[in-house]
Amino acid sequence: MATVHLRIGDLVWGKLGRYPPWPGKVVSPPKDLKKPRGKKCHFVKFFGTEDHAWIKVEQLKPYHAHKEEMIKINKGKRFQQAVDAVEDFLKKAKGKEQNSDGKGESKGKKTPSKPLKILEEEDEDLSALKDPSEKDLTDSDPEPSTIERLGAGPGSGFKWESSPVKDDPHFHHFLLSQSDKDTGSTSIQAADSTAINGSITPTDKRIGFLGLGLMGSGIVSNLLKMGHVVTVWNRTAEKCDLFIQEGARLGRTPAEVASMCDITFSCVSDPKAARDLVMGPSGVLQGIRPGKCYVEMSTVDPETITELSQVITSRGGRFLEAPVAGSQQLSNDGMLVILAAGDRTVYEDCSSCFQAMGKTSFFLGEAGNAARMMLILNMVQGSFMATIAEGLTLAQATGQSQQTFLDILCQGQMASTFVDQKCQNILQGNFKPDYYLKHIQKDLRLAISMGDMANHPTPMAAAANEVYKRAKALDQSDNDISAVYRAYIH
């Protein structure tokens with residue numbers, strides 16, 4: 001395939017990882033963002049999203065030459081909105097050009113665009129690429145109206161001549177984002193799961209991690225893959241062995257990890273475990289010194305977060321809560337959603353860590369807000385899973401095919417990977433934990449309590465909680481949340 005010669009300002013179709021081709025514009029990279037090592041690439045801002053990325057040359061196509069082809073094979077609403085944004089951008093650019101001609105400024109002449117220099121590994125000053133005529137991104141490009149993901153577009157049948165990104169060990173990309181000025185929350189779009197070591201510039205801060213359960217194990221693995229220096233501790237020490245082999249260091253106690261590291265993360269099962277880890281014998285608190293950072297990733301109640309924040313800051317430490325939405329598989333894939341609240345400077349210091357472990361992160365303000373949001377999300381998920389299980393068993397009880405029920409469900413508005421995977425696992429009798437049933441029941445209990453404190457009714461969650469409690473009584477605690485199905489058949 002012939003090399004595509006592009007310049008800053010050119011409109012393109014960009015193919016990023018597993019996402020469909022998307023319209024974008026070649027722009028100058030931020031001054032402090034170095035070009036990833038490997039193959040030649042351009043920095044692209046995608047229309048209709050808040051995403052920017054380094055894209056390999058062979059993953060780029062000229063916009064106008066392939067517009068008709070792309071529109072034929074992509075019919076999604078968000079894709080069409082992105083194309084509309086391109087057309088609006090072109091109309092505005094044409095209008096500016098006509099206005100300029102009307103004023104007699106170099107009529108009939110155009111200033112030649114500078115060719116985009118292909119960055120090599122030794123190029124350190126990316127600002128040298130900036131076209132003097134190029135405005136800041138927020139001025140020259142259409143304003144995004146919402147936080148949208150490239151993955152929201154439909155799959156595409158477009159065949160790129162190069163091999164898929166996930167198969168190329170030299171491809172690196174880094175996504176940036178902007179603040180949502182209306183809500184005060186911030187989304188940091190991180191590298192997707194096809195990224196490899198080197199696509200993220202790891203912080204030079206020493207990272208500690210406490211708790212190597214279903215979620216923690218995947219998180220630590222991705223931190224190590226992305227080049228972070230990590231010290232680990234787990235109550236069951238044998239779980240540390242695999243990560244030591246991968247390059248992690250071993251901490252003998254939580255206090256030792258906190259004293260050795262600049263930022264210490266923890267991810268444990270419940271409020272009691274979270275408090276004991278900090279305030280118990282040889283706990284984190286004993287290792288906290290002024291400037292040390294502690295990040296609580298466990299899903300707990302707001303009151304526990306407030307207590308932990310107070311004791312950490314009382315020692316001069318800095319505190320952030322950052323519970324994660326996802327599952328063991330998403331943790332392994334580095335595709336978690338991180339909800340953060342507390343010290344904003346800690347959130348910023350954790351940027352490369354969040355990029356390694358998740359696909360996006362949100363900053364929600366003061367400590368306690370992330371716990372509240374996380375409990376609400378898990379309340380909805382737990383209630384939904386119980387309802388799906390109820391539907392499957394009712395279908396069976398009334399002589400309907402459960403597989404047909406699932407097939408119909410997955411063709412309707414509720415179709416999702418979550419529904420399909422959980423239902424297929426139920427039908428196959430596979431309840432291997434991706435998210436423990438006992439943990440979703442704990443989250444339902446905490447959400448109900450939070451509703452009581454806010455004098456807000458939660459009857460749906462209360463009903464679902466009772467079903468999960470029955471499932472626990474049937475010895476399903478350590479199975480997946482989908483094992484709530486068994487509460488209906490026993």
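The values are calculated or read from the model by the stated rules, or taken from the named source; none is laboratory data. Only a predicted model underlies this, so the values are computations on that prediction, with no experimental measurement involved. As a convention, Cβ positions derive from the backbone with ideal geometry for all residues, glycine included, and neighbour counts pool all protein chains shown. Just so you know, the surface numbers come from the protein's heavy atoms only, side chains and all, with ligands and any DNA or RNA stripped out. Shrake-Rupley method; radii C 1.70, N 1.55, O 1.52, S 1.80 Å.
Here are a few things to note about the model shown:
- Dipole magnitude of region 223-269, debye to nearest 20 (Cβ charges: Lys/Arg +1, Asp/Glu -1, about Cα centre): 60 debye
- The distance linking region 464-481 with region 430-447 is 8 Å (Cα centroid to Cα centroid, whole angstrom).
- Ordering 306-316, 415-425, 257-267, 453-463 by mean Cβ neighbour count within 10 Å, with the highest value first, yields 257-267, 306-316, 415-425, 453-463.
- Residue list for region 373-402, given a label point 7 angstrom along the Cα-to-Cβ vector of I408 and an amide N cut-off under 18 Å: 387-402
- Taking θ as phi - 60° and the Karplus parameters 6.51, -1.76 and 1.60, the scalar couplings of region 300-312 work out to 9, 7, x, 5, 5, 4, 4, 4, 5, 4, 5, 6, 5 Hz in sequence order, x denoting glycine and proline.
- In a fully extended conformation the segment linking S401 and D204 would gain 65.3 nm over its present Cα-Cα distance, using 0.36 nm per residue.
- Dipole of region 191-367, positive end: most advanced residue of S217, T299, T236 [Cβ charges, Cα centre]: T236
- Spin-label model distance (nm) - S449 vs I73, 7 Å beyond Cα toward Cβ: 5.3 nm
- Computed over region 373-487, Kirkwood Rh from alpha-carbon pairs, angstrom: 14.4 Å
- When E348, E68 are compared by accessible area of protein heavy atoms, the largest-first order is E68, E348, using a 1.4 Å probe.
- Distance histogram in 5 Å bins (all Cα pairs of region 10-88, percent per bin): 3, 15, 28, 25, 16, 7, 4, 0
- Taking 0.36 nm per residue of separation and subtracting the Cα-Cα distance, full extension of the segment from A237 to L33 would add 69.6 nm.
- Whole-number D in µm²/s for region 191-367 (Stokes-Einstein; Kirkwood sum over Cα pairs; 10 °C, 1.306 mPa s): 102 µm²/s
- One decimal place: the segment Q245-L474 gains 78.6 nm when fully extended, by the rule 0.36 nm per residue minus the C-alpha distance.
- Once the gyration tensor of the Cα atoms in region 319-372 is diagonalised, the equivalent ellipsoid follows with semi-axes of 19, 12, 7 Å, ordered largest first.
- Simple spin-label estimate for H64 and R289 in nanometres, 7 Å along Cα-Cβ: 6.3 nm
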